[in-house]
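Here's the structure we're looking at; comments come further down.
The values are calculated or read from the model by the stated rules, or taken from the named source; none is laboratory data. For clarity, every value in this text was computed on a predicted model and none was experimentally measured. In this analysis, Cβ positions are derived from the backbone assuming ideal geometry, glycine residues included, and neighbour counts consider all displayed protein chains. Keep in mind that these areas ignore ligands, DNA and RNA; they rest on the heavy atoms of the full protein, side chains included. Shrake-Rupley method; radii C 1.70, N 1.55, O 1.52, S 1.80 Å.
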Amino acid sequence: MAARPIGFVGLGNMGGRMTRRLVAAGLSVLGFDVRADVVSASGASPAASLGQIADACDLILLSLPDSHAVEAVVEGPGGLMAHCRAGQTIVDLSTAAPRSTRQLAARFADRGVVFVDAGISGGAAAAEKGTLTLMIGGPAGVDGQLEPVFRHIAAKVVHMGPSGNGHATKLLNNFLNAVTLAATAEVMVAGRKAGLDLQQLLDVINSSSGVSFASLNRFPHIIRGNYLEGGLTGKLMTKDIVLYAELAGELGVASLNTAGPLASFGLATALGYGDQISNRVVDAIGDASGGVRVNG
């Protein structure tokens, strides 16, 4: 008997790249997305419905924008909850609210289905190369059980504990990403207005205490005009910051540093950059600072 295909729901920016990795590795993937063009571009066999995915697959991966989309796919009419069966595993690779994740995991557990949260980091470039970092929340040992699939999309897999912990880890990481990206963008605009050579400025920062992922991996390209298109958009970055603020509130943590990046990416959206890669926040800050371009 032929092995069952892997189901993949959400074949956009990240999901499509991960699916192409799985297909290139020789795995059979049955894909579902509201946009037929992204299904064909991913190399997956198209599914007519979520019900077909649930009926045909023992393992289903989700890559969706947020918890609202995940809940619609799971709990909506004709969704996965209505069609699931005992013994299935569903892996949520989305950036989602841990509270929602835990609730869905409990409901699936009542039906004998394992619901795993797997936050991902590394962006489009890592998804393309199969070198993502996965942060897993779920039963002990589930990361090992999924290794035959994860090996094709990730270079590092860390089990963070029970349900919700993977998504919580992702939100903490993404918040730091937002803070350093927005702050480094502001510094680059200030450096340009101060008349500094930005390559020299980055060389100093990257050998000093101001170093960050943004200064090391993003801005050396951005100041040369390469915004590294294809990654997280400004609107999605804003969504992640809000999710972090909600999590901090639930935990009773004083969230003193949320306002800065929220204002920066909110400005970017207001100025028309929201649907572009979040790195364009530097142009939004430049616009608000007199029309400055760090790559001009």
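What are the residue pairs meeting all of these: first residue in segment 75-88, first residue acidic (Asp, Glu), second residue open to solvent by less than 20 Å² (accessible area, probe 1.4 Å), Cβ atoms under 7 Å, and 6 or more apart or on different chains?
Final answer for the pair search is Glu75/Met81.
Let's see how each residue does on (1) in contact (Cβ under 8 Å) with a residue 40 or more places away in the chain; (2) touching a helix residue (DSSP H, G or I) at 6+ places or on another chain (Cβ under 7 Å):
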position	(1), (2)
Ser215	no, yes
Arg218	yes, yes
His221	no, no
Arg224	yes, no
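Does segment 261-280 include one or more residues that are over 30 Å from Pro98 (Cβ atoms), free of Cβ contacts under 8 Å to residues at least 60 places away in the same chain and either exposed (fewer than 14 other Cβ atoms within 10 Å of the Cβ) or in contact with an Asp or Glu (Cβ under 9 Å, 6 or more places away or on another chain) (or both)?
Step one: of segment 261-280, the residues over 30 Å from Pro98 (Cβ atoms) are 271-272.
From what's left, free of Cβ contacts under 8 Å to residues at least 60 places away in the same chain: 271-272.
Narrowing further to those that are either exposed (fewer than 14 other Cβ atoms within 10 Å of the Cβ) or in contact with an Asp or Glu (Cβ under 9 Å, 6 or more places away or on another chain) (or both): 271-272.
Scanning segment 261-280, I find at least one residue that is over 30 Å from Pro98 (Cβ atoms), free of Cβ contacts under 8 Å to residues at least 60 places away in the same chain and either exposed (fewer than 14 other Cβ atoms within 10 Å of the Cβ) or in contact with an Asp or Glu (Cβ under 9 Å, 6 or more places away or on another chain) (or both), so the answer is yes.
When you go through (1) open to solvent by 50 Å² or more (accessible area, probe 1.4 Å); (2) in contact with a His (Cβ under 9 Å, 6 or more places away or on another chain); (3) assigned to a helix (DSSP H, G or I) one by one for Ala140, which number turns out not to apply?
Only one criterion is unmet by Ala140, namely (3).
Output the residues belonging to segment 38-70 that are farther than 18 Å from Thr89 by Cβ and outside any loop (DSSP other than H, G, I, E, B).
Those that are farther than 18 Å from Thr89 by Cβ and outside any loop (DSSP other than H, G, I, E, B): Val38, Val39, Ser40, Ala41, Ser42, Ser45, Pro46, Ser67, His68, Ala69.
Checking Gly164 against (1) touching a Pro at 6+ places or on another chain (Cβ under 7 Å); (2) open to solvent by 20 Å² or more (accessible area, probe 1.4 Å), only one condition comes out false. Which one?
(2)
Only one of Glu147, Glu128 is closer than 19 Å to Gly16 by Cα and open to solvent by 10 Å² or more (accessible area, probe 1.4 Å); which? Talk me through it step by step, then tell me what you get.
Values: Glu147 fails: closer than 19 Å to Gly16 by Cα.
Within the list Glu147, Glu128, the selection yields Glu128.
Only one of these conditions is not met by Tyr227: (1) closer than 26 Å to Gly291 by Cβ; (2) open to solvent by 20 Å² or more (accessible area, probe 1.4 Å); (3) outside any helix (DSSP H, G or I); (4) among the hydroxyl-bearing types (Ser, Thr, Tyr). Which number is it?
(2)
Quickly run through segment 1-20 and pick out the residues that are in contact (Cβ under 8 Å) with a residue 60 or more places away in the chain and surrounded by 22 or more Cβ atoms within 10 Å (Cβ to Cβ).
Ile6, Val9, Gly10, Met14, Gly15, Arg17, Met18
Sort out which residues of segment 197-207 are within 29 Å of the chain's Cα centre (by Cα) and in a loop (DSSP other than H, G, I, E, B), and write them in order of number.
Answer for segment 197-207, where residues must be within 29 Å of the chain's Cα centre (by Cα) and in a loop (DSSP other than H, G, I, E, B): Asn206, Ser207.
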